[in-house]
Each structure stands twice: as C-alpha cells, then as structure tokens.
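Read the structure below first, then the notes.
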Amino acid sequence: MKHENTSRMTKIVLIVVLLTLVICEAGCTTETTFSGSKTGSDVQFLVDFDVLNIMVDSKMPLSEGDIIEMSAEIKKGNAEICVKNENGKVAYEADDIGRIK
C-alpha cells in the first residue's frame with residue numbers, strides 16, 4: 001500500500017512538472033533574446049538572466065597562472081562556456097552546461 005502511494009505521488013509530481021514546462025515553453029517567444037542583467041570588470045563577470053538566447057561576453061586582463069573560478073546554475077535549457085585569449089586560442093570550453101540527461 002505504501003509503495004502504491006509513493007508511485008502515485010511520483011506520477012502526480014511528474015505530471016505537474018511536465019505541465020509547468022509546457023506552460024513555460026509556450027510563454028517563451030523568439031523575439032526576446034536577453035532578459036536580465038550583466039556586470040563586468042577587470043576581476044569579475046556576472047550574468048543574471050531569465051531569458052538568454054544570445055552570446056554575452058566580457059574581457060578581463062589575466063596573467064599566466066591566474067585562476068578563473070566559475071559557477072553556473074541553469075534552471076532550464078543549457079549554456080556553453082568558452083574562455084579565449086586575445087588571439088582567439090581556447091583555454092577552456094564546455095558545451096551543454098545544465099542540460100538534463
């Protein structure tokens with residue numbers, strides 16, 4: 001009996017989550033490419049957004065041996081991250097950050 005209730009609750013939660021995703025997806029338009037804020041300086045680059053369908057970037061002066069700390073919280077969709085030097089050489093790259101698999 002307890003297993004049946006857990007299974008039923010899991011199905012209900014899954015249906016609610018799927019309906020929420022469908023509603024959220026229906027509310028998105030292709031016209032809005034960025035809704036949020038970004039701040040950059042010589043020491044940090046912060047982006048807080050609700051919609052991000054464009055590339056946002058920032059330039060920072062770095063020296064050999066400098067460490068870049070990065071964190072990302074993706075609630076829906078995915079993101080790509082690329083760190084390049086001034087000559088375009090890729091120092092770090094990650095695709096599908098936040099993609100649910």
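The values are calculated or read from the model by the stated rules, or taken from the named source; none is laboratory data. Given the structure is predicted, the values throughout are model-derived calculations rather than measurements. Every residue, glycine as well, gets a Cβ built from its backbone with ideal geometry; the counts of neighbours run over all protein chains shown.
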For this session: Can you give me the number of residues within segment 37-96 that are in a strand (DSSP E or B) and of a type outside the set (Phe, Trp, Tyr)?
Result: 22
Exercise. Of all residues in segment 34-49, which are surrounded by 11 or more Cβ atoms within 10 Å (Cβ to Cβ) and in contact (Cβ under 8 Å) with a residue 12 or more places away in the chain?
Worked result: PHE34, GLY36, LYS38, GLY40, PHE45, PHE49
For this session: Using the structure shown, decide if VAL90 is at pLDDT 85 or above and within 19 Å of the chain's Cα centre (by Cα).
Result: no
